[in-house]
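Structure, as structure tokens:
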Amino acid sequence: MRLLLAVLVYALVSPAQAAGVDWSKAQLVSLTTVEYAFEPSHLIFLRGTAYRLHVENHGRELHELTAPDFFKSVELRNPEALNREHTEIVLQPNEQKDLYFLTLRSGHYNMWCADHDWAGMTGGITVE
């Protein structure tokens, strides 16, 4: 019963948090994809903070920033920056995208390129 109550409270409070955010002051964090790595390979965010994640593909191949658990744990301002399933950011060569979000839960999340994880294109995201 407590778990259900906690989930309901979280669901009701979460949208209210983003409604009061001044997105023009979102903290910028940049990430670059290349063959076959993320630069940097680990991102650190603070819980309860608004961010603009700027991702650029400097590689010659399509790359994804796949992090389904992380994307589920934040409140997205512009979910259209993600794929339809909201599991990854897909970038063609020389493409760049910005994802605005509010961090809600502390934790560690994996990130990878769905096409190149076999080549070591992996990393992590920490929300403190």
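The values are calculated or read from the model by the stated rules, or taken from the named source; none is laboratory data. All values reported here derive from a predicted model rather than from experimental measurement. Every residue, glycine as well, gets a Cβ built from its backbone with ideal geometry; the counts of neighbours run over all protein chains shown.
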Checklist entry - Within segment 87-123, how many residues turn out to be surrounded by fewer than 18 Cβ atoms within 10 Å (Cβ to Cβ), closer than 22 Å to Glu39 by Cβ, among the charged types (D, E, K, R) and in contact with a helix residue (DSSP H, G or I) (Cβ under 8 Å, 6 or more places away or on another chain)? => result 2
Checklist entry - If you take just the strands (runs of 3 or more DSSP E) that sit entirely in segment 28-81, which of them hold at least 2 residues that are hydroxyl-bearing (Ser, Thr, Tyr), free of Cβ contacts under 8 Å to residues at least 60 places away in the same chain and over 19 Å from Gln96 (Cβ atoms)? => result none
Checklist outcome for this item: Within segment 66-81, the residues that are within 17 Å of Thr33 (Cβ to Cβ) and out of contact with any Leu (no Cβ under 7 Å at 6 or more places or on another chain) are Thr66, Ala67, Phe70
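Answer with yes or no whether Glu64 is at pLDDT 95 or above, surrounded by 14 or more Cβ atoms within 10 Å (Cβ to Cβ) and touching a Pro at 6+ places or on another chain (Cβ under 8 Å). Write out each step before concluding.
Details: at pLDDT 95 or above: yes; surrounded by 14 or more Cβ atoms within 10 Å (Cβ to Cβ): yes; touching a Pro at 6+ places or on another chain (Cβ under 8 Å): no.
In short, no.
From the list Arg84, Arg2, which residue is loosely packed, with under 13 Cβ neighbours inside 10 Å, basic (Lys, Arg), out of contact with any Phe, Trp or Tyr (no Cβ under 9 Å at 6 or more places or on another chain) and at pLDDT 95 or above? Give the derivation first.
Working: Arg2 fails: at pLDDT 95 or above.
Checking each option against the conditions leaves just Arg84.
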Checklist entry - Going through segment 96-125 one residue at a time, which ones are among the charged types (D, E, K, R), closer than 24 Å to Ala50 by Cβ and either assigned to a strand (DSSP E or B) or touching a His at 6+ places or on another chain (Cβ under 9 Å) (or both)? => result Lys97, Asp98
